Amino acid sequence: MNTDRKRCSKCGEEKALSEFYINTRLRDGYNGRCKTCCSAYGRAWHEANREKERARRKAWYEANREKVRAQAKAWGRANPEKKKAAARPWREANRERERSRGRAYYMANREKLRARNKAWREANPDKVRAWHEANREKVRAQVKARREANPDKERARWKAWYEANREKERARRKAWYEANREKECARNKAWREANREKVRAQVKARRDRKRDKVRAQARERYAVNRDAERLRHKRWQEANRDYTRDYTKQWRMRNRLIARVRRMWAKLEPRNDRSN
Ligand SMILES: [Zn+2]
């Protein structure tokens with residue numbers, strides 16, 4: 001018999017020694033069964049003892065939980081990149097679950113997390129700015145989506161923020177405008193030219209508003225100071241007597257003419273008489 005080969009005690013096949021596991025307790029230094037038979041046996045044993053094994057492993061884990069966790073944590077801290085890579089397949093397979101878990105965690109710890117995030121942002125303004133610049137499109141899309149989903153809520157939120165930061169925001173806008181004056185002027189002009197009708201309507205609305213306001217103010221002033229206003233008017237009439245006389249004369253002539261026409265009209269056709 002070839003000394004490089006050996007017959008398996010299970011399947012009876014003669015195989016190379018490399019097909020047998022080393023076992024120093026046996027005389028020839030190798031297991032009696034070949035590797036294939038050994039692993040088949042192991043598999044069969046696991047199949048037969050699956051529940052028992054699981055319970056055993058679980059019991060062991062329960063007994064050593066703290067130790068295992070501490071070890072895993074230490075390993076993760078020592079190998080952050082490896083940890084991330086190892087967790088990735090699981091994370092990808094459980095994306096929805098992870099997301100809802102994350103949301104639940106956020107909701108439960110909202111105040112704490114917000115405060116922590118805020119503190120971090122305040123401590124790292126450069127990083128925040130860099131991130132915003134790198135993700136400009138993403139941020140813009142997010143803001144837009146949020147605004148479209150809850151227009152009223154977003155408007156109220158923005159308004160509250162503006163009320164709280166009015167001076168700061170005004171200064172910021174002014175500075176920005178000063179820095180981008182040329183660009184802004186060109187942009188505004190282009191917009192006005194593209195929206196001519198809208199601009200016209202706006203101007204008209206503004207003028208109407210102003211006129212209404214002026215009229216209301218005059219009326220109010222007159223109501224409050226009726227006598228003084230009458231006096232003022234009388235004085236004005238006296239100072240402009242010629243103009244007033246002409247105006248009054250014309251007004252009377254006009255009224256007389258209208259009355260005459262009406263009378264003639266009523267004579268011609270009695271039912272045209274409006275005085276009844
Ligand atoms: Zn075998």
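Every number here is computed from the coordinates shown, using simple stated rules; none is lab data. None of these values were measured; they are calculated from a predicted model. Using ideal geometry, Cβ is built from the backbone for each residue, glycine included, and neighbour counts are taken over all protein chains shown.
Worth pointing out:
- The condition of being within 30 Å of Y61 (Cβ to Cβ) and out of contact with any helix residue (DSSP H, G or I) (no Cβ under 7 Å at 6 or more places or on another chain) holds for only one of R77, R114, that being R77.
- Counted as qualifying within segment 1-104 are the helices (runs of 4 or more DSSP H) with 1 or more residues that are surrounded by 11 or more Cβ atoms within 10 Å (Cβ to Cβ) and within 16 Å of the ligand (Cβ to nearest atom), namely 35-48.
Results for (1) closer than 30 Å to N188 by Cα; (2) over 48 Å from the mean Cα position of the chain (by Cα); (3) among the polar types (S, T, N, Q); (4) part of a helix (DSSP H, G or I), shown as yes or no for each residue.
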{"site": "V203", "(1), (2), (3), (4)": "yes, no, no, yes"}
{"site": "D212", "(1), (2), (3), (4)": "yes, no, no, yes"}
{"site": "Q217", "(1), (2), (3), (4)": "no, no, yes, yes"}
{"site": "L231", "(1), (2), (3), (4)": "no, yes, no, yes"}
{"site": "D246", "(1), (2), (3), (4)": "no, yes, no, yes"}
{"site": "R256", "(1), (2), (3), (4)": "no, yes, no, yes"}
{"site": "A259", "(1), (2), (3), (4)": "no, yes, no, yes"}
{"site": "A266", "(1), (2), (3), (4)": "no, yes, no, yes"}
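Residue-wise test of (1) surrounded by 11 or more Cβ atoms within 10 Å (Cβ to Cβ); (2) aliphatic (A, V, I, L, M); (3) over 30 Å from R91 (Cβ atoms).
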position: A119; (1), (2), (3): no, yes, no
position: A123; (1), (2), (3): no, yes, no
position: W131; (1), (2), (3): yes, no, no
position: R155; (1), (2), (3): yes, no, yes
position: K174; (1), (2), (3): no, no, yes
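- Cβ separations smaller than 6 Å between residues 6+ apart or across chains give the following pairs from segment 1-20 residues that are free of Cβ contacts under 8 Å to residues at least 40 places away in the same chain and within 14 Å of C38 (Cα to Cα) to residues that are more than 9 Å from the ligand (Cβ to nearest atom) and of a type in the set (S, T, N, Q): F20/N31.
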